[in-house]
Amino acid sequence: MKFNLASFRAWPRKKITLLGMSGVGKTWLSSVLRRHDWFHYSADYRIGKRYLDEPILDIVKREAMTVPLLRELLRRDWIDISNNVKVDDLGPVLSFVGKLGAPERGGLEFEEFSARQAQYREAEIAAMRDVPAFIQKAQSVYGYSHFVNDVGGSLCELEAPEVINLLVEHTLILYIQVTTREEEEALIRRAQSDPKPLYYRPAFLTEYLPRYLREKGLTDSSQADPDDFTRWIFPHLFRTRIPRYEAIARPHGYTVTSDEVNRIRDENDFIELLETAIGGA
């Protein structure tokens, strides 16, 4: 949705999609707004709790079945295993997506990794298709006045224009942009030390995986250290996503900086920032 200042101020029930790299502050900002009558729709939580719940549990149960005691308990339905993913703790989703690399170091073979990447992509698309229904549910079931859609950092990678069109139809797109080299490096360090589930477009992985293997003197991804590969590839992923975010925000939404978002303390600050972005568009 696009607005002028008058139409935005007259918009009684505001619906915002926060776009940007993982770690840029989308979930933090959503938690601030939740204290001010905003429904926080977390795409990653929806993915983990609804669309990847069974695949996550299948992996856990498969491992549990290798332990004789647990195998017996599971086969007799004497125990249950649940997925306790949280908005601010995506551990189960992270474990499912996994890392590419040597299996003996906790990595996944390329074929299995690619299959999980494809599942993750479909789950993210499905979670975005649920946004209109949750906009209605936020008001009619939970009684919230406003709605914030906290999307995954990989939204720009999905190559699903129908998803972007859906979000543009139902929400205002707000891109949180990192503007300085220092902020970029801080975000990269944070993502490397506290990783989130990552989706790589197949074309991106096809381009950058051979570069990594050549640089490390390896012949196959199954030889790679999974953590080293993830640390190495993230800065490349970050920088290739920037023009993809901009290609969404430029025609369809508005842009603010991560520094501006970090200064937000309440709903009033957020609305003022939005109005500044709209007025300057």
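The values are calculated or read from the model by the stated rules, or taken from the named source; none is laboratory data. Keep in mind the model is a prediction, meaning the values are calculated, not measured. With ideal geometry, Cβ positions are generated from the backbone for all residues, glycine too; neighbour counts draw on all protein chains shown.
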Based on what the data block shows, is residue 46 of a type in the set (Lys, Arg), part of a helix (DSSP H, G or I) and surrounded by 14 or more Cβ atoms within 10 Å (Cβ to Cβ)?
-> yes
Restricting attention to the stretch 263-273, does a residue exist that is within 15 Å of residue 154 (Cβ to Cβ), charged (D, E, K, R), touching a residue at least 40 places away in the same chain (Cβ under 8 Å) and not in a helix (DSSP H, G or I)?
-> no
Report yes if some residue within the stretch 3-12 is at positive phi and exposed (fewer than 12 other Cβ atoms within 10 Å of the Cβ); otherwise report no.
-> no
Checklist (1) under 24 Å from residue 93 (Cβ atoms); (2) surrounded by fewer than 14 Cβ atoms within 10 Å (Cβ to Cβ); (3) not acidic (Asp, Glu) applied to residue 263, failing item | (1)
Some residue of the stretch 86-94 being within 18 Å of residue 42 (Cβ to Cβ), assigned to a loop (DSSP other than H, G, I, E, B), of a type in the set (D, E, K, R) and touching a residue at least 24 places away in the same chain (Cβ under 8 Å) | yes
Sole exception among (1) in contact (Cβ under 8 Å) with a residue 40 or more places away in the chain; (2) small (Gly, Ala, Ser); (3) farther than 15 Å from residue 172 by Cα for residue 217, by number | (1)
Run down 135, 125 and say which single residue is among the β-branched types (Val, Ile, Thr), surrounded by fewer than 21 Cβ atoms within 10 Å (Cβ to Cβ) and either in contact with a strand residue (DSSP E or B) (Cβ under 9 Å, 6 or more places away or on another chain) or at pLDDT below 95 (or both).
-> 135
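Does residue 226 qualify as being more than 24 Å from residue 169 (Cβ to Cβ), in contact (Cβ under 8 Å) with a residue 40 or more places away in the chain and either crowded, with 18+ Cβ neighbours inside 10 Å or of a type in the set (Gly, Ala, Ser) (or both)?
When the stated conditions are applied, residue 226 passes them.
Please determine, by comparing only the residues of the stretch 175-204 that are buried (at least 18 other Cβ atoms within 10 Å of the Cβ) and in contact with a strand residue (DSSP E or B) (Cβ under 8 Å, 6 or more places away or on another chain), which one is farthest from residue 2 (Cα to Cα).
That would be 178.
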Any residue in the stretch 68-85 that is touching a residue at least 40 places away in the same chain (Cβ under 8 Å) and either under 25 Å from residue 163 (Cα atoms) or not β-branched (Val, Ile, Thr) (or both)?
-> yes
Pull up the stretch 19-58, narrow it to residues that are within 12 Å of residue 148 (Cβ to Cβ) and β-branched (Val, Ile, Thr), then point me to the one that is modelled with the highest pLDDT.
-> 32
Out of the residues in the stretch 21-43 that are on the phi > 0 side of the Ramachandran plot and not acidic (Asp, Glu), which is surrounded by the most Cβ atoms within 10 Å (Cβ to Cβ)?
-> 23
The listed residue being crowded, with 21+ Cβ neighbours inside 10 Å, among the charged types (D, E, K, R) and in contact (Cβ under 8 Å) with a residue 12 or more places away in the chain, out of 150, 130 | 150
If you go through the stretch 1-25 one residue at a time, how many are assigned to a helix (DSSP H, G or I) and in contact with a helix residue (DSSP H, G or I) (Cβ under 8 Å, 6 or more places away or on another chain)?
-> 3
